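The values are calculated or read from the model by the stated rules, or taken from the named source; none is laboratory data. Keep in mind that what you see is a predicted model, and the values were worked out from it rather than measured. With ideal geometry, Cβ positions are generated from the backbone for all residues, glycine too; neighbour counts draw on all protein chains shown.
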Amino acid sequence: MKRGLILGLLTLLAACGTPQEQCISAGTRDLRVVDRLIVETEGNLARGYGFEEVTVTRPQWVDCTPRPTPEDPTPKRELCFDEVTTTSREAVALDLRAEAAKLASLRTKRAELNRAALRLVDQCRAQYPE
């Protein structure tokens, strides 16, 4: 609950643009990244598997008809072979013990980053009072 509230407040602050808010946003960026990774890792452990983005390039027929011009207002339709890249998300097996260790490490890192962020927020507020 507390982590969600802090993350929500930090996200709200990141959307604003005063110098103080920009300072806070920049200084808490790593904390937000680690929070996102914690949520992802918790989801992986709950499901028992993870996801991986896979990019595949394959040849495909595509429409390469020339644009109409004053000389040829209705050009003949043409197809040509071109490389088309697609990205999909696929399930992958995980070493659940390693994933649990990663989660513990992320939580430790989050505690460190949170302490540093609290100090930085105080510094930003002192440097850019509103």
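Residues of region 84-130 that are among the hydrophobic types (A, V, I, L, M, F, W, C), under 30 Å from Thr55 (Cα atoms) and out of contact with any helix residue (DSSP H, G or I) (no Cβ under 7 Å at 6 or more places or on another chain): Val84, Ala91, Val92, Ala93, Ala98, Ala101. Of all residues in region 20-38, those that are over 12 Å from Leu113 (Cβ atoms) have Cβ atoms under 6 Å from Cβ atoms of residues that are crowded, with 18+ Cβ neighbours inside 10 Å, 6 or more apart or on another chain, in Gln20/Cys124; Glu21/Leu13; Cys23/Cys124; Ile24/Leu13; Ile24/Cys124; Ser25/Leu13.
Does region 103-117 contain any residue that is of a type in the set (Lys, Arg) and in the same structural domain as Trp61 (by TED's automatic domain parsing)? For region 103-117, residues of a type in the set (Lys, Arg) and in the same structural domain as Trp61 (by TED's automatic domain parsing): absent.
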